[in-house]
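Report on the structure given below.
The values are calculated or read from the model by the stated rules, or taken from the named source; none is laboratory data. As the structure is a computational prediction, the values presented were derived from the model and not from experiment. Every residue, glycine as well, gets a Cβ built from its backbone with ideal geometry; the counts of neighbours run over all protein chains shown.
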Amino acid sequence: MKVRVAAAQFFSGTNPVENLELCRTYLRQAKDAGAQLVVLPENANRVRDYQTRDECFERSEALDGPFVTGLRVACRELELHAAVGVDLRGARRPDVHICSVLIGADGEVLHLHRKHVLWDYEYTLFIPGDDPYQVVDTELGRIGLHLCADGIVPETPRALALLGAQILCNSLNSRGPDEMRVHIPLRAIENRVWHVAANTVGGPADQWPWMGGSEVVAPDGTVVARASESEPQLVVADIDPVVADDKEAPGLGDLWRWRRPELYADLGAGLHEVPVASMYGPAQGPKRSLPVAVLQVSWFHNTKWTIHRAVEQIRYATRRGARLGVLPELFCFRPGEVAADPPAAAATSAEVLERIRAAAAEASLWVVCHLVEQAEDQRFSTAYLLSDDGDVVLRYRKTHLNRQERTWASPGDDLPVADTPVGRIGLLVGDEIWVPEAARVLAVRGAEVICHPCSWDRLEAATMAACERGEENRVHVVSVARLDNPAGLGSQVIRPDLFEPGQPIAVMRYPTGHWTRGGFEEQLVVELDLRDANSKMMGHHLDPLATRRPDLYGPLLK
């Protein structure tokens, strides 16, 4: 069934009566365009110029107040579904919740979502919601609601998708470009759902403008409609909600079957019962430097030459002052070689591991390499963390296997973090970067650096998924790519910037990146500050790890 959806972007001023009429105008325009579902921005009822909680309470209204009532009448008259962001009073003064209200074509309120994750200053004026996640089954499809900062962390969109949402309706009030360029499309891709997002745009000329960029994104990440980043606008698109029921991702298989909920128990543990609890809030202490080398070399010419190049890269990294080096995914094998002959690959890997261990010891460099491990009658896709003495300090057997890997490997059963002299290190391999729970577990277990041997499967794996894993967890992510990766990209180091007052909003919630070129043997040395990963603050008030809601994460653990 085709459904026509719309996203409206505009700026709401200080007069709720005028704002109601503005919203009604966009509803009428959407109806004229044939839309059946419209998403309006967050706080469509009134711009937030409040100075105190009491003033916020006075300026807000109840669910049965004139603003929501007026929208209900309009939806009934136009026979239109709408999801609208409204700041509504709580049960007691001065509590106010940031809400998304889903109104049916008959004018009835179908669902009220109280925003779980607030953006920075919002914690000074509003109260986070604590309602369980809920998906609404409508005649248009199954709809899940969230608002703005709910989507800059993975849990809310993930839980709604796991509960069966086909369409995510996202009302935003964002000044950052990261929403429409990363968060919105990524949450669609990693959950394979439709994402309809409406943002505020413009505003007073002497203030940082709201970013606009409202968009409709398909489950595969295709942007099917996008608005201007500077002007009020309505965008319309036709979608087929049933497409979101197909969770088959190219090369990976069914995304829900790909998940390993039995490994995610840490996500349901109490906030102060996990290692990351010691890292909540601002960082303490002096800078902790870790120079990391991207050892971008993979199979070229022949296996012997490739191994020689890897050893030379390790020696060169030490001369450049690096303390940790990372090699790409299955760096010593041609694409498809392991699947074609797993026993031979395991035998070669055993020899290569010894060569790399010796090189690490000779160069006094910590090294991460990814190979095929033979353990009795099983084989694993294994990433090793080797000490500067050449010892195996951490052995990570890839837990989320893609379709090809399942033909030759057994899955691992843990997401370990090693506490070492060069920091607390976690490992992920290749396309696991698409699994938000995997990096989240490593962060909850206290990882400061995630080393990620990879072979980018598509552009967005680097530009969206790996970047998001770094920022939503406030950890360093070192992704080192094969020269022949399908996306044709180079390697990437992502580091969360230590929050400091005065940072531009885009820097506050999006990490700094360092890149190499694709297709060339290169080496990049980046100096990481491990202190950055020990500050989970994204702003003055938002800690995206300390504000998690483990009591609500049941859908992630089933």
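Does residue 539 satisfy the criteria of being closer than 22 Å to residue 431 by Cα and in a loop (DSSP other than H, G, I, E, B)? Spelling it out, it is not the case that residue 539 is closer than 22 Å to residue 431 by Cα and in a loop (DSSP other than H, G, I, E, B). Scanning the stretch 161-182 for residues that are in contact with a strand residue (DSSP E or B) (Cβ under 7 Å, 6 or more places away or on another chain), without any contact (Cβ under 8 Å) to a residue 60 or more places away in the chain and either part of a strand (DSSP E or B) or not small (Gly, Ala, Ser) (or both) yields a count of 3. Within the stretch 219-252, the set of residues being buried (at least 17 other Cβ atoms within 10 Å of the Cβ) and under 30 Å from residue 407 (Cα atoms) comprises 219, 221, 244, 247, 249, 252.
A quick yes/no check of all residues on (1) touching a residue at least 40 places away in the same chain (Cβ under 8 Å); (2) at negative phi; (3) crowded, with 22+ Cβ neighbours inside 10 Å:
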| position | (1), (2), (3) |
| --- | --- |
| 364 | yes, no, no |
| 369 | yes, yes, yes |
| 380 | no, yes, yes |
| 392 | no, yes, no |
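Which members of the stretch 183-214 meet the condition of being within 14 Å of residue 39 (Cα to Cα), in contact with a Lys or Arg (Cβ under 8 Å, 6 or more places away or on another chain) and not in a loop (DSSP other than H, G, I, E, B)? Residue satisfying the conditions is 195 alone. Within the span defined as the stretch 363-375, one or more residues are more than 30 Å from residue 525 (Cβ to Cβ) and in the same structural domain as residue 307 (by TED's automatic domain parsing).
If you check 270, 285 for being at pLDDT below 95, in contact with a helix residue (DSSP H, G or I) (Cβ under 8 Å, 6 or more places away or on another chain) and of a type outside the set (Phe, Trp, Tyr), only one passes: 285. The set of residues from the stretch 86-122 being under 18 Å from residue 548 (Cβ atoms) and surrounded by fewer than 17 Cβ atoms within 10 Å (Cβ to Cβ) is empty.
Only one residue in 304, 287 is outside any loop (DSSP other than H, G, I, E, B) and more than 18 Å from residue 450 (Cα to Cα). Which one? It is 304. Looking only at residues in the stretch 3-30 that are touching a Pro at 6+ places or on another chain (Cβ under 9 Å) and part of a loop (DSSP other than H, G, I, E, B), the one that is surrounded by the fewest Cβ atoms within 10 Å (Cβ to Cβ) is 11.
Only one entry of 469, 517 meets the criterion of being surrounded by 23 or more Cβ atoms within 10 Å (Cβ to Cβ) and not in a strand (DSSP E or B), and that entry is 469.
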